[in-house]
Amino acid sequence: MKTTPPKALQFNAFFNYHGFFASDRDVAIELRRLYAVNSDLVAALQPFILANSSEDNMILVVRTADITKARAAVAKAGEQA
């Protein structure tokens, strides 16, 4: 089964292939960077997504390592902005 790449990577491929100007290549580089930052943030915050939750009752158990990983990912994203 063929999977479709995310839109950011599709646009990246377009700008890499059709890029006539340095600004096109810059856009492609920035799209790759933002996609990587987003992927890191999603992975770091995944433990905070609750499998056992409802609108009325939420149970949250978070390991210190998960908090540390999330803080590091958010800090890294802020540095690159």
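Rule-based calculations on the coordinates, nothing more; no lab input. Computed from a predicted structure; not experimentally measured. All Cβ positions, even for glycine, are placed from backbone atoms using ideal geometry, and neighbour counts span all protein chains on display.
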R0 = 25 Å: FRET efficiency of Phe11 with Phe48, Cβ-based, nearest 0.05?
0.30
How large is ³J(HN,Hα) for each residue in segment 31-46, as worked out from phi by the Karplus curve 6.51 cos²θ - 1.76 cosθ + 1.60 (θ = phi - 60°), to whole Hz, x for Gly and Pro?
4, 4, 5, 5, 5, 5, 4, 4, 4, 4, 5, 4, 5, 5, 8, 3
Neighbour net charge for Ala77 - beta-carbon separation under 15 angstrom, K R +1, D E -1:
+2
